[in-house]
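First up is the structure itself, then whatever we jot down about it.
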Amino acid sequence: MHRLTLTSARQGLKEKKFSALELLQSCYQRIDAVEDKVGAFVHQNREQAMSQAREADQKIAGGEDLPLLGLPIAVKDNICVAGDLTTCASKILQSFESPYNATVVQRLKNAGAVILGKTNMDEFAMGSSTEASAVHPTRNPWDLERVPGGSSGGSAAAVAAEECLAALGSDTGGSIRQPANFCGVTGLKPTYGRVSRFGLVAFASSLDQIGPMTKTAEDAALLMNVIGGKDPQDSTSADVALPDFVSTLAGDVKGKKIGIPREYFAEGLDTEVDSIVQNAIRTLESLGMETVEISLPHTRYAVATYYILACAEASTNLSRYDGVRYGHRSSESTSLVDMYENTREEGFGEEVKRRIILGTFVLSSGYYDAYYLKGQQVRTLIKQDFENAFQQCDVIVAPNAPIPAFKLGEKSQDPLQMYLSDIYTISINLAGIPSISIPAGLTQAGLPVGVQIMGRHFDEAGVLNVSHRFQMETDHHKKFPSL
Ligand code: GLN
């Protein structure tokens, strides 16, 4: 049962082929069998999940029909689930129990979903490999010597290892798409503002978005129907009508235009990744889509711009962890200032400290204009690149990362190498547009590679439509690693 998609499990539950409790237990058996190798989860509240599953079974028996009734879903550990820990895989929050549900979690629960566990991540979502978790690294289920990507590496690995049917992740600069790409699953970063961030622990507030990580585009649509839409608790959530994403999945894509950005197929792109993405483009052409070469000329400034802005916002957001109101507090201190310093010294990992220092620097007087302000200006240019491109095409297709999943330890000692690997995902966050990664094939060595499909602001429906049509033609998304 743990091998099912959300859509097929929903059907099975309706037809009473199995119960929600049996479905959940199947996932837990799978977790017990493979979690030693993969390490996708940081904690599980099985008692709570089982009682949610029993409740779902009662509702099913009573003839209730909710969109996610009885379906087990994992949640990244930077998203609050009431009564559960929300650690962000950081020592500073290791005992933080969330007093409320994030809006997305509340919406999942209202739709009948069962929250089966919290997934591992790079500390505070800062990273691209899940090695920066203070708990343990997660391993790629396709090759345990390799990283699952990050920062939502736990969610991606959990779906790929079939420990859950679907998961939520968050994406500030690629953290849903890049791990989905490395683990061979589907991961959608919605338009900035499409999904409420209330109850998501803030990293870089002008970039953060929550999104679904699933086995199919169809399941992503199902989840988007539930988690999307305006939320009075999040002033940055957009008041834009939420379409029914499932109903438009199968629409014809004939005549739609695919933009191929020149800058994304340049030096540094692995040849196998290149050819897998090119094959995916051929498949889309066979569906009647047309290709047009486009240019996103400011791409080469994206990494620098992102790391200036994201670090600036992070340094501000993370100033709240001072040991006073919640989280870890150092017991070593003799004065208040001492307490702040020791708490932060003990609580934050190396990468988080690096970013707080970088962010504080770019915001400091004398440097603000040269870095932060300049970064904001370049961000506008990057956004305009996409606006211009979308005059010529309906979607943009590109790789997610220059290389397939790398080995554990390969980049973790060299932050610059790690940052550079985000080149194909971060512009999308700077522009705020929606983008998905869907499985597109395996390398010779058996590592999954995805293709990235970007859309206009609030056109998740278009992105999901193209993805679903692709998945109707191919079976890359049906392949799972043998563990
Ligand atoms: N890898 C990027 C970073 O380290 C993106 C992370 C994310 O999207 N949360 O910041």
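Rule-based calculations on the coordinates, nothing more; no lab input. Just so it is clear, the structure is predicted and the values come from calculations on it, not from any experiment. With ideal geometry, Cβ positions are generated from the backbone for all residues, glycine too; neighbour counts draw on all protein chains shown.
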message = If Rh is defined by the Kirkwood formula over all Cα pairs and Rg also comes from Cα, what ratio Rg/Rh do you get for the stretch 128-215?
response = 0.96
key: Net charge, LYS478 excluded, C-beta distance under 15 Å - Lys, Arg +1, Asp, Glu -1   = -2
task = Would you mind classifying the stretch 282-324 by shape? Square roots of the alpha carbon gyration tensor eigenvalues, ordered a ≥ b ≥ c; an a/c under 1.5 is rounded, otherwise it is prolate if a/b is larger than b/c and oblate if not.
result = oblate
message = Over 43 Å apart: what share of the alpha carbon pairs of the chain falls there, rounded to a whole percent?
response = 9
query = the stretch 260-318 to the stretch 415-448: how many Å between their Cα centroids?
reply = 8
task = Kindly work out what percent of the DSSP beta bridges joining two residues of the chain are antiparallel, to the nearest 5.
result = 65
query = What number, rounded to the nearest 500 deg cm²/dmol, is the helix-based mean residue ellipticity at 222 nm of the chain, given -39500 (n - 2.57) per DSSP H run of at least four residues and division by all its residues?
reply = -11500 deg cm²/dmol
remark   = Relative contact order of the stretch 171-275 (C-alpha contacts under 8 Å, at least 6 apart) in percent is 23
query = By the gyration tensor of its Cα atoms, with a ≥ b ≥ c the square roots of the eigenvalues, what is the shape of the stretch 112-158: rounded for a/c under 1.5, prolate for a/b over b/c, or oblate?
reply = oblate
remark   = Long-range alpha-carbon pairs in the stretch 1-98, meaning those over 18 Å apart, account in percent for 52
task = Could you tell me the largest-minus-smallest coordinate of the C-alpha atoms of the stretch 404-473 on each of the three principal axes, in descending order and whole angstroms?
result = 40, 32, 11
ask   = Based on the mean of other beta carbon atoms within 10 Å per residue, what is the order of 323-332, 106-115, most packed first?
value = 106-115, 323-332
query = In this model, which of LYS17/LYS109; LYS59/LYS478; LYS59/LYS230 are farther than 29 Å apart at the alpha-carbon?
reply = LYS59/LYS478
task = For PHE406, list long-range residues whose amide hydrogen, built 1.01 Å from N in the peptide plane, is under 5 Å from its own amide hydrogen.
result = VAL147
message = Report, to one decimal in Å, the Kirkwood hydrodynamic radius for the stretch 351-471 based on all distinct Cα pairs.
response = 16.8
query = Taking neighbour Cβ counts within 10 Å as the exposure measure, how do PHE124, PHE18, PHE203, PHE406 sort from fewest upward?
reply = PHE18, PHE406, PHE203, PHE124
inquiry  = Less than 15 Å Cβ to Cβ from LEU144, Lys/Arg counted +1 and Asp/Glu -1: what total charge do the surrounding residues give?
reply    = -3
ask   = What are the radius of gyration and Dmax of the stretch 236-275, computed over its Cα atoms and given in Å?
value = 17.1, 42
ask   = Antiparallel DSSP bridges in the stretch 24-161: what percent, to the nearest 5?
value = 45
ask   = Can you pull the semi-axes for the stretch 66-153, root of five times each eigenvalue of the Cα gyration tensor, sorted largest first, whole Å?
value = 24, 17, 9
Alpha-carbon centroid distance for the pair the stretch 130-157 / the stretch 51-77, whole angstrom = 28
ask   = With respect to the cross-link table entries LYS254/LYS374; LYS215/LYS256; LYS14/LYS37, which display a Cα-Cα separation exceeding 32 Å?
value = LYS254/LYS374; LYS14/LYS37
task = Note down the net charge around ASP239, summing +1 for each Lys or Arg and -1 for each Asp or Glu among other residues with Cβ under 13 Å from its Cβ.
result = 0
Amide H contacts of VAL451 (H built 1.01 Å from N, under 5 Å, at least 5 apart or other chain) = ILE438, ALA440
